[in-house]
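Visitor: I'd like to ask some things about the structure below.
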Amino acid sequence: MGMTMTQKIMAKHAGLKEVKAGQLITMDLDLVMANDITGPVSVLEYEKGGFQQVSDASRIALVMDHFAPNKDIKSAENCKVCRTFAKRFGIKHFYDTGKAGIEHALLPEQGLVASGEAIVGADSHTCTYGALGAFSTGVGSTDVTAAMVTGKLWFKVPSAIRFYLTGALPKYVSGKDLILHIIGMIGVDGALYKSMEFAGPGVTSLTMDDRLTICNMAIEAGAKNGIFPVDDITRAYEEGRVDRPYNVYTADSDAEYEKTIEIDLSTLKPTVSFPHLPSNTRTFEEIPDIPIDQVVIGSCTNGRMSDMKAAAEILSGRHVSENVRTIVIPATQAIYLECLEKGYIKTFIEAGCAVSTPTCGPCLGGYMGVLAAGERCVSTTNRNFIGRMGDKRSEVYLASPATAAASAIAGKIASAETVIG
């Protein structure tokens, strides 16, 4: 039996000719990542273990993004732990306030991940990098300690679900709507410890930002990873970013999948996940008038340039509802700068939005938009669990940047088509 894309990458990094679902293997890693929440735990375990070296400082990335710029003494202490560790071992890929960004937007942008590579991170949304045809997955902080010291980790090879895409997305429908549609279809455990592998002619109609968003939320279906084939869009994205040779893997024609799910992209509609699970999805014919208090446009899911553009085009010449606090968070410094150059920041501010420096901030109820009891937020983030963005009695509705911007204007959950025609 042949191998899937994921299995081929895993076999290569394990030094094996082939692997099968369920097999336990040890893999060499190309990059190990932690942030200002998980990194300090990894450093603490490193110190407890009495280690004196790292395997390869050039293959470690530490990104200060969850509570940076530091919001309080504890977050400042956490970042200091990571700064000290980075200086001690000469970790080149250390990203702090002023040169940082949200990790899963920053690392691909900086060329730190590439097709065919194996990446782990102490953050569940590390599965984002599968958009580039890499194997990437989230692990625990102690796993990151082991990976930093040895350059290796053990894994169970996942089985796979194949998503065969045809057609192209309609206007105002994006990769966020597609992944919400999929999670609504299969559930939050529908791909538990499986690889979500995307294929079919519809893939070519998806931008790299679409793919990054889709793989980012593979974990919300329980998946071990999400992965896209490498094509001209991938190569164009990596050109000028990735400064090293990389490998391209394709699934064998006889690769084994648990099932294949076919999706015609042209049939999809703007989709919203209602509280309190990403799988609780509805399209607008099913959504009543629901007034909202806040909108957040940003995060590792939807803070990229195309997301900023989609929001700016809808907000241009319009103003957000007086009852809605609207927070826009470009995901990296480079994206922020491009927004300035294109006039998007001016558009956001004139529309009545607050624009933040790059940070995860409100996504995890950290800061820059924490909700009070009873408040509702439409957000382009990836999770809407109870208490995710603040008080346990608040509500988070997940949506695309277009839907979020339209909702900010309408003062209620609304589609872009409804607001601008």
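Visitor: Only one residue in ALA11, ALA34 is within 30 Å of ASP254 (Cβ to Cβ) and either open to solvent by less than 10 Å² (accessible area, probe 1.4 Å) or of a type in the set (A, V, I, L, M) (or both), so which one is that? So that I can check it myself, show each step before the final result.
Guide: Details: ALA34 fails: within 30 Å of ASP254 (Cβ to Cβ).
Only one candidate qualifies: ALA11.
Visitor: When you check THR418 against the structure, is it at pLDDT below 95, more than 27 Å from ASP123 (Cα to Cα) and of a type in the set (Ser, Thr, Tyr), yes or no?
Guide: So THR418 fits the description; yes.
Visitor: Restrict the check to the stretch 364-378 and report whether at least one residue is within 13 Å of HIS276 (Cα to Cα) and surrounded by fewer than 23 Cβ atoms within 10 Å (Cβ to Cβ).
Guide: The answer is yes; a qualifying residue exists.
Visitor: To continue, here is another question. With (1) open to solvent by 70 Å² or more (accessible area, probe 1.4 Å); (2) under 29 Å from GLY361 (Cβ atoms); (3) not aromatic (Phe, Trp, Tyr) as the list, and LEU16 as the residue in question, which single condition is left unmet?
Guide: Going through the list (1) open to solvent by 70 Å² or more (accessible area, probe 1.4 Å); (2) under 29 Å from GLY361 (Cβ atoms); (3) not aromatic (Phe, Trp, Tyr), LEU16 breaks only (2).
Visitor: If I filter the stretch 21-30 for residues that are modelled with pLDDT of 95 or more, open to solvent by less than 70 Å² (accessible area, probe 1.4 Å) and either closer than 30 Å to TYR336 by Cβ or of a type in the set (Lys, Arg) (or both), do I get at least one hit?
Guide: Yes, the stretch 21-30 contains at least one residue that is modelled with pLDDT of 95 or more, open to solvent by less than 70 Å² (accessible area, probe 1.4 Å) and either closer than 30 Å to TYR336 by Cβ or of a type in the set (Lys, Arg) (or both).
Visitor: Specify the residue that is modelled with the lowest pLDDT; the eligible residues are those in the stretch 84-101 that are over 28 Å from VAL328 (Cβ atoms) and charged (D, E, K, R).
Guide: LYS92
Visitor: Determine the pairs where a residue that is under 15 Å from GLN110 (Cα atoms), located within the stretch 330-341, has a partner that is of a type in the set (D, E, K, R) and open to solvent by 70 Å² or more (accessible area, probe 1.4 Å) with Cβ atoms under 6 Å apart, the partner being 6 or more residues away or on another chain.
Guide: Taking only residues 6 or more apart or on different chains, not a single pair turns up.
Listed here are the residues, each with its yes/no results for (1) under 30 Å from SER58 (Cβ atoms); (2) in contact with a Leu (Cβ under 7 Å, 6 or more places away or on another chain).
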residue	(1), (2)
MET208	yes, no
LEU212	yes, no
PHE228	yes, no
ARG235	yes, no
ASP254	no, no
PHE274	no, no
ASN280	no, no
GLN294	no, yes
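Visitor: Any residue in the stretch 315-330 that is at pLDDT 95 or above, closer than 24 Å to ALA168 by Cβ, open to solvent by 30 Å² or more (accessible area, probe 1.4 Å) and charged (D, E, K, R)?
Guide: The answer is no, given that none of the residues of the stretch 315-330 is at pLDDT 95 or above, closer than 24 Å to ALA168 by Cβ, open to solvent by 30 Å² or more (accessible area, probe 1.4 Å) and charged (D, E, K, R).
Visitor: Taking helices (runs of 4 or more DSSP H) that do not extend beyond the stretch 146-262, which have at least 1 residues that are open to solvent by 40 Å² or more (accessible area, probe 1.4 Å)?
Guide: The helices (runs of 4 or more DSSP H) meeting that bar are 175-186, 232-238.
Visitor: Could you check how many residues of the stretch 363-384 are under 25 Å from VAL173 (Cβ atoms) and within 17 Å of the chain's Cα centre (by Cα)?
Guide: 7
Visitor: Another question, then. Residue check: is SER42 farther than 22 Å from MET308 by Cβ, open to solvent by 60 Å² or more (accessible area, probe 1.4 Å) and not charged (D, E, K, R)?
Guide: In short, no.
Each row is one residue, and each column tells you yes or no for (1) in a helix (DSSP H, G or I); (2) closer than 26 Å to GLY190 by Cβ.
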{"residue": "HIS276", "(1), (2)": "no, yes"}
{"residue": "SER279", "(1), (2)": "no, yes"}
{"residue": "ASN323", "(1), (2)": "no, no"}
{"residue": "PRO330", "(1), (2)": "no, no"}
{"residue": "LEU337", "(1), (2)": "yes, no"}
{"residue": "THR347", "(1), (2)": "yes, no"}
{"residue": "GLY352", "(1), (2)": "no, no"}
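Visitor: Within the stretch 51-130, considering only strands (runs of 3 or more DSSP E) that don't extend past its boundaries, which have at least 3 residues that are surrounded by 23 or more Cβ atoms within 10 Å (Cβ to Cβ) and in contact (Cβ under 8 Å) with a residue 24 or more places away in the chain?
Guide: In the stretch 51-130, 60-63, 118-121 are the strands (runs of 3 or more DSSP E) which contain 3 or more residues that are surrounded by 23 or more Cβ atoms within 10 Å (Cβ to Cβ) and in contact (Cβ under 8 Å) with a residue 24 or more places away in the chain.
Visitor: Going by the structure shown, is SER356 open to solvent by less than 40 Å² (accessible area, probe 1.4 Å), of a type in the set (Ser, Thr, Tyr) and free of Cβ contacts under 8 Å to residues at least 60 places away in the same chain?
Guide: So SER356 passes the test.
Visitor: Can you tell me which residues in the stretch 180-195 are touching a strand residue (DSSP E or B) at 6+ places or on another chain (Cβ under 8 Å) and farther than 22 Å from ARG282 by Cα?
Guide: If the condition is that a residue be touching a strand residue (DSSP E or B) at 6+ places or on another chain (Cβ under 8 Å) and farther than 22 Å from ARG282 by Cα, then TYR193, LYS194, SER195 are the ones that fit.
Visitor: Would you point out the residue of the stretch 281-297, among those that are part of a loop (DSSP other than H, G, I, E, B) and in contact with a Cys (Cβ under 8 Å, 6 or more places away or on another chain), that is least open to solvent (accessible area, probe 1.4 Å)?
Guide: ILE292
Visitor: Separate question: Name the pairs whose Cβ atoms lie under 6 Å apart, with the first residue in the stretch 11-22 and of a type in the set (Asp, Glu), the second assigned to a helix (DSSP H, G or I) and surrounded by 14 or more Cβ atoms within 10 Å (Cβ to Cβ), and 6 or more positions between them or separate chains?
Guide: The qualifying pairs are GLU18/ALA11.
The values are calculated or read from the model by the stated rules, or taken from the named source; none is laboratory data. Keep in mind the model is a prediction, meaning the values are calculated, not measured. No Cβ is skipped: glycine too gets one built from the backbone with ideal geometry, and neighbour counts run over all protein chains shown. When the accessible area is computed, the model is the full protein with side chains, heavy atoms only, and any ligands, DNA or RNA have been set aside. Shrake-Rupley method; radii C 1.70, N 1.55, O 1.52, S 1.80 Å.
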